[in-house]
1. Does the range 106-125 hold any residues that are more than 16 Å from the ligand (Cβ to nearest atom) and in contact (Cβ under 8 Å) with a residue 40 or more places away in the chain, and which are they?
2. Select, from V105, V56, the only residue that is touching an Asp or Glu at 6+ places or on another chain (Cβ under 6 Å), assigned to a helix (DSSP H, G or I) and open to solvent by 10 Å² or more (accessible area, probe 1.4 Å).
3. Just one of the numbered conditions (1) free of Cβ contacts under 8 Å to residues at least 24 places away in the same chain; (2) among the hydroxyl-bearing types (S, T, Y); (3) within 30 Å of L205 (Cα to Cα) is not true of S318; which one?
4. Looking for whichever is within 21 Å of R49 (Cβ to Cβ) and among the hydroxyl-bearing types (S, T, Y) here; the options are Y216, Y127. Which one fits?
5. Of all residues in the range 383-442, how many are within 26 Å of G128 (Cβ to Cβ), more than 16 Å from the ligand (Cβ to nearest atom) and basic (K, R)?
6. Scan the range 180-191 for residues that are more than 13 Å from the chain's Cα centre (by Cα) and either within 16 Å of the ligand (Cβ to nearest atom) or in a strand (DSSP E or B) (or both) and jot them down.
7. For the range 90-102, what are the residues that are assigned to a loop (DSSP other than H, G, I, E, B) and either β-branched (V, I, T) or in contact (Cβ under 8 Å) with a residue 60 or more places away in the chain (or both)?
8. Starting from residues that are over 15 Å from V97 (Cα atoms), touching a residue at least 12 places away in the same chain (Cβ under 8 Å) and surrounded by fewer than 21 Cβ atoms within 10 Å (Cβ to Cβ), keep the ones in the range 152-167 and report whichever is nearest to the ligand (Cβ to nearest atom).
Amino acid sequence: MRAAAVAVIFVLTAPAAARAQPYAEAEAQTLALAQETIALRSVQGPDNRTIDVARVYAGALRAGGWAERDIEIAPVDDTAYLIATWPGSDPSLAPIVLSAHMDVVEARPEDWERDPFTPVIENGFLYGRGASDTKFEASLAIASLIELKRQGFRPTRGIVVAFSGDEETTMKTSKIIADRLANAHVVLNVDTASGTLSEETGEPLYWTWQGAEKTYIDFELEVTNPGGHSARPRADNAIAQMSRALERINAYRFAAEQNDITRDYFAKAAAIHPDARIAAAMRAFAANPRDAAAIEVLRAEPSMIGQVGTTCVPTMVSGGHAVNALPQRVTAIVNCRVFPGHSSAEIKAELERAAATPEVRITDVTGDTATASPASPLRQEFVDVFEKAVAAAWGDVPIYPTQSSGASDSMWYRALGVPSYGASPSFIKQSDNFSHGLNERIPLLNVRPGVIYYLSVLRDLASRR
Ligand SMILES: [Zn+2]
């Protein structure tokens, strides 16, 4: 009797306990890895500890059963990158790439309430530089991958951890990694949270996956002039010429355009946009990319104008050398966010036409930290994988794709024709999102759903042929 009673209690309580904490080891490891890596100051410059971040992740994978020959840490300048492979059972299949970066943006301790490089858990958050961009995400991905192996999963396609070491600055390692993995089947980039929590209720509002990025370009404009004494003005004044050119560029509107990612974004995000007039314009533009009235409404919205097409805006100007001399040289910077699919040369020619001031010479001064990249294809097989995983982790949440105005490691893969999707499982309130800013933090409520999400996504992607 007694034994039977005990057995009944066991049967009743064990599944509930298992549901409450199904992946305790992965959850604990996520937090341990995130704290250990936040404590390492992986900032460009002297004493850059990025290589130590790579060693922490490599050590975890080694302990999790990865073979030494499958783990590589490659130093590059003052940083390093990590490539760790879980070979698939079918070596003829292109691998899945799990992408993140290990470097962080500089943080000055005197500006922070807490030391940015001392991880602190408080009020349901993990605080520290890199908490949301992107050490928590990278740690969650690594711990989930190890959990997948612990469960006895055997991937058909290989899974490659590919963590860069200078995404926030030169992107040298980002480019090297993409070149080495140019044969990848698909890239899952976990850089920064993709889900939004309600400011009022804290409940998940919507989740997005990123399928495209605009290209960042800086153009320098320059006018030179023989100059002379200001008491003897000439007809051509370099400041006046530059002013005219900048005014025209500022007023110029690049053509409205769409790709599969932004069309789907406008159509789906309209359903949850709080402003009915803007929501209507989003729907109208999705249905007809030439709808002039809708385009006008969207262009008037700072949060929308970048989604409608290329934007270029004057951001800096300098000129003249003395209060009583005609200016000999004037320069300005025009910063562009180029819609995917256009080259720098194309945009430069368009700016020249818009400026209609032949004396102004225009030069691309971006350097090699950015490249043009096409939108990744909107392939239903991948969308289904993300939607299923988010549903398993968070329940019924609206999902739509985005095209971002900033660059990430995905840019280098897309430029090589490898589909890359930004798809972190983490949710955060917009008011708590301090990536690159002060008191960066991530809500701890992301740990458990995060593991569930990765187990689902990685199982699905790596089991397919
Ligand atoms: Zn980042």
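The values are calculated or read from the model by the stated rules, or taken from the named source; none is laboratory data. This one's a predicted model, so the numbers in the text were calculated from it and none came from an experiment. Glycine also receives a Cβ, built like all others from the backbone with ideal geometry; neighbour counts cover every protein chain displayed. Areas reflect the complete protein model, heavy atoms only, side chains present, ligands, DNA and RNA absent. Shrake-Rupley method; radii C 1.70, N 1.55, O 1.52, S 1.80 Å.
1. D111, W112, E113, R114, F117, T118, P119, I121, G124, F125
2. Working: V105 fails: assigned to a helix (DSSP H, G or I).
Only one candidate qualifies: V56.
3. Condition (3) is where S318 drops out.
4. Only one candidate qualifies: Y127.
5. 1
6. Within the range 180-191, V186 is the sole residue that qualifies.
7. Of everything in the range 90-102, those that are assigned to a loop (DSSP other than H, G, I, E, B) and either β-branched (V, I, T) or in contact (Cβ under 8 Å) with a residue 60 or more places away in the chain (or both) turn out to be D90, P91, L93, A94, P95, M102.
8. At the first step, the residues of the range 152-167 found to be over 15 Å from V97 (Cα atoms) are 152-154, 165-167.
Now drop any that are not touching a residue at least 12 places away in the same chain (Cβ under 8 Å), which leaves 153-154, 165-167.
Checking the rest, the ones that are also surrounded by fewer than 21 Cβ atoms within 10 Å (Cβ to Cβ) come to 153-154.
Values: F153: 28, R154: 31 Å.
Filtering the range 152-167 for residues that are over 15 Å from V97 (Cα atoms), touching a residue at least 12 places away in the same chain (Cβ under 8 Å) and surrounded by fewer than 21 Cβ atoms within 10 Å (Cβ to Cβ), the one nearest to the ligand (Cβ to nearest atom) comes out as F153.
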